[in-house]
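Visitor: Structure incoming, see below.
The values are calculated or read from the model by the stated rules, or taken from the named source; none is laboratory data. Everything numeric here is computed off the predicted structure, so don't read it as measured data. Every residue, glycine as well, gets a Cβ built from its backbone with ideal geometry; the counts of neighbours run over all protein chains shown.
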């Protein structure tokens, strides 16, 4: 059985727009990090178990990798309809009402992201200005792994805004073929466990 | 503002946005942001940066992408067919035939995957064409797969348990072990029900012609999976590896199994990685929003006020547990499994401690209630997973799961009467 890549959700801009290329690049980086994380932790377990040798950095680096996977991958997750939502109410609406509601929701999400983005930029700048390093063997300057947070949030905010404009434009344009809620609409259970 | 008014407004807003169709993390984030603004003004957002970093930079939560990757390697390589075929031969004498293989296949796959969706999809895709060809009852076929799939989050490893452990600071290793016996008992109850139905109504499950596959071949088919289970769960139980490490080693082993025994090329490899990023990032974003939500509730004093209020009701332990179970039954009809967890755990956890309820036992009960939600319409995710891979109607899937719904309710009763079903193995770990 193979689970297909759902690709961009209905109503979303084409994947190969400038935004699409950036999202694709970030997703590939997240995939590489996922693989590197598996290799690093496995190496640590094997070297510790068989050679009594520990790298003493795996906990720290794996944590940074997780942050990067989240923020590099979340825009793809959103665009492919994998962010969880309860969508049965949306199915009762006419396509036009649904687009209005979707557009409004996307603007609410954008507003939340804008606040988050602002807060994380301030946080990273504060870490940078105070020259805070991790209290570990590596002594990583923390602004480096933290910088991916505002970068990923900015990308998601742009994607939300693009989707909101698209949805509101469709709502404004009037009746059209029923395409179902987008993104993360019916069958959008890719993020469920 | 009085905390009751504040809590009511915020929860009403959150649930309204959630049921109205806003994505779960944005609904939580919007509610948290509004609550913080009402409580502290703009300065309330100062903590967002630190919470975002603190909640996501976590070695414990690294287990989530690792177990997702492990399941994806196995699902994409199509080795579910091998599990199904091996078990089909092993259990062919049981009444119910392939229906028993559905349940046991799901249980076995659950032990190498942390997800109900992955379990139902992996076994369902292989099983449904076989069941149709052999003229098995469609409702019962779909029911065994949808319900069997829910075992994915009870039998460890379990992504739901990792999330619960991270939210409540409960040992994930102990939670995993706490899921083993309940998972086996629930599997046994499902098997017993299917067997009984097949004996009473033989037309539901036609007898299979006995196949004469040698025992060694059946063992060879199942061996890689049993080895994977042994390494992952055995390693955690023996304290040799943490759950996160077990996830990484399990992923590496799953990759090897996929390469050797599956149909696993470059395309499947890329797809496994992409799906893992897609699912992990989506889940982690919900985790982040849940931490923001929990912080906002705590900051406004709602969580502690709610605890005091629950304590002032002076319910006895059983009454409180029944109240919670009733609440989860209702929530299961409205909200997706992970949404159910992230909404309730930050609020209920302090109350549980006040009532002296074991957090490990509660973690298992919560996961079982989530399982129930996964087969409860209209949002039960496993119903849609099975519906998406077969040719019948959704109503048939729903009707097929009703008996299993009843079995899970009975099972929650058993867990409440005998908490040791969940607590025995974690207790043995402490004793080491």
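Visitor: Which is in contact with a helix residue (DSSP H, G or I) (Cβ under 9 Å, 6 or more places away or on another chain) and at pLDDT 90 or above, of B:402, B:335, B:389, B:381?
Guide: Numbers: B:335 fails: at pLDDT 90 or above; B:389 fails: at pLDDT 90 or above; B:381 fails: at pLDDT 90 or above.
It is B:402.
Visitor: Let me ask something else. If residue B:296 satisfies all but one of (1) in contact (Cβ under 8 Å) with a residue 60 or more places away in the chain; (2) within 11 Å of another protein chain (Cβ to nearest Cβ), what's the number of the condition it fails?
Guide: So residue B:296 meets the others, but not (2).
Visitor: Tell me, yes or no, whether region B:65-72 has at least one residue that is within 12 Å of another protein chain (Cβ to nearest Cβ), in a helix (DSSP H, G or I), over 17 Å from residue B:151 (Cα atoms) and free of Cβ contacts under 8 Å to residues at least 40 places away in the same chain.
Guide: no
Visitor: Among the listed residues A:68, A:62, A:29, A:18, identify the single one that is at pLDDT 95 or above and surrounded by fewer than 22 Cβ atoms within 10 Å (Cβ to Cβ).
Guide: A:29
Visitor: Do you know which of the residues in region B:222-239 that are within 14 Å of chain A (Cβ to nearest Cβ) and out of contact with any helix residue (DSSP H, G or I) (no Cβ under 7 Å at 6 or more places or on another chain) is surrounded by the most Cβ atoms within 10 Å (Cβ to Cβ)? First the steps, then the outcome.
Guide: Restricting attention to region B:222-239, the residues satisfying the condition of being within 14 Å of chain A (Cβ to nearest Cβ) are B:228, B:231-232, B:234-236, B:238-239.
Filter once more, keeping what is out of contact with any helix residue (DSSP H, G or I) (no Cβ under 7 Å at 6 or more places or on another chain): B:234, B:238-239.
Values: B:234: 13, B:238: 10, B:239: 10.
Looking at the filtered set, the residue picked out is B:234.
Visitor: Can you tell me which residues in region B:304-320 are part of a loop (DSSP other than H, G, I, E, B) and either in contact with a strand residue (DSSP E or B) (Cβ under 7 Å, 6 or more places away or on another chain) or under 15 Å from residue B:416 (Cβ atoms) (or both)? Write out each step before concluding.
Guide: Within region B:304-320, the first condition is being part of a loop (DSSP other than H, G, I, E, B), and the residues that meet it are B:313-316.
Result: B:315, B:316.
Per-residue answers, yes or no, for (1) under 30 Å from residue B:141 (Cα atoms); (2) touching a residue at least 24 places away in the same chain (Cβ under 8 Å):
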residue: B:326; (1), (2): yes, no
residue: B:345; (1), (2): no, yes
residue: B:360; (1), (2): no, yes
residue: B:363; (1), (2): yes, yes
residue: B:392; (1), (2): yes, yes
residue: B:403; (1), (2): yes, yes
residue: B:409; (1), (2): yes, yes
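Visitor: Checking residue B:188 against (1) more than 14 Å from chain A (Cβ to nearest Cβ); (2) surrounded by fewer than 24 Cβ atoms within 10 Å (Cβ to Cβ); (3) touching a residue at least 40 places away in the same chain (Cβ under 8 Å), which single condition isn't satisfied?
Guide: (3)
Visitor: Can I ask one more? Within region B:50-63, restricting attention to residues that are buried (at least 24 other Cβ atoms within 10 Å of the Cβ) and assigned to a helix (DSSP H, G or I), which residue is farthest from the chain's Cα centre (by Cα)?
Guide: So in region B:50-63, the residues buried (at least 24 other Cβ atoms within 10 Å of the Cβ) come out as B:52, B:61-63.
Now drop any that are not assigned to a helix (DSSP H, G or I), which leaves B:52, B:63.
Details: B:52: 25, B:63: 15 Å.
Among residues in region B:50-63 that are buried (at least 24 other Cβ atoms within 10 Å of the Cβ) and assigned to a helix (DSSP H, G or I), the one farthest from the chain's Cα centre (by Cα) is B:52.
Visitor: Could you run through region A:71-91 and say how many residues are assigned to a loop (DSSP other than H, G, I, E, B) and facing another protein chain (nearest Cβ under 8 Å)? Give the derivation first.
Guide: Here is the first cut: in region A:71-91, the residues assigned to a loop (DSSP other than H, G, I, E, B) are A:80-87.
Narrowing the set further to residues that are facing another protein chain (nearest Cβ under 8 Å) leaves A:80, A:82-87.
Residues that pass the stated criteria total 7.
Visitor: If residue B:32 satisfies every condition in (1) facing chain A (nearest Cβ under 8 Å); (2) within 24 Å of residue A:79 (Cα to Cα); (3) at pLDDT 90 or above but one, which is the exception?
Guide: Every condition holds for residue B:32 apart from (1).
Visitor: Of the numbered conditions (1) at negative phi; (2) surrounded by 24 or more Cβ atoms within 10 Å (Cβ to Cβ), residue A:104 fails exactly one; give the number of that condition.
Guide: (2)
Visitor: Can you pull out the residues in region A:50-70 that are within 13 Å of residue A:34 (Cα to Cα) and either facing chain B (nearest Cβ under 8 Å) or not in a helix (DSSP H, G or I) (or both)? Don't jump to the end; show me each part of the working.
Guide: Quick first cut of region A:50-70, residues within 13 Å of residue A:34 (Cα to Cα) only: A:61-70.
If the condition is that a residue be within 13 Å of residue A:34 (Cα to Cα) and either facing chain B (nearest Cβ under 8 Å) or not in a helix (DSSP H, G or I) (or both), then A:62, A:63, A:64, A:65, A:66, A:67, A:69, A:70 are the ones that fit.
Per-residue answers, yes or no, for (1) touching a helix residue (DSSP H, G or I) at 6+ places or on another chain (Cβ under 7 Å); (2) modelled with pLDDT under 95; (3) within 12 Å of chain B (Cβ to nearest Cβ); (4) over 14 Å from residue B:49 (Cβ atoms):
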{"position": "A:93", "(1), (2), (3), (4)": "yes, yes, yes, yes"}
{"position": "A:108", "(1), (2), (3), (4)": "yes, no, yes, yes"}
{"position": "A:117", "(1), (2), (3), (4)": "yes, no, yes, no"}
{"position": "A:126", "(1), (2), (3), (4)": "no, no, yes, no"}
{"position": "A:142", "(1), (2), (3), (4)": "yes, no, yes, no"}
{"position": "A:160", "(1), (2), (3), (4)": "yes, no, yes, yes"}
{"position": "A:171", "(1), (2), (3), (4)": "yes, yes, no, yes"}
{"position": "A:177", "(1), (2), (3), (4)": "no, yes, no, yes"}
{"position": "A:184", "(1), (2), (3), (4)": "no, yes, yes, yes"}
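Visitor: Please identify the pairs in which a residue from region B:277-292 that is facing chain A (nearest Cβ under 7 Å) and touching a residue at least 40 places away in the same chain (Cβ under 8 Å) has its Cβ atom under 7 Å from the Cβ atom of a residue that is surrounded by fewer than 24 Cβ atoms within 10 Å (Cβ to Cβ) and not in a helix (DSSP H, G or I), counting only partners at least 6 apart or on another chain.
Guide: B:279/A:190
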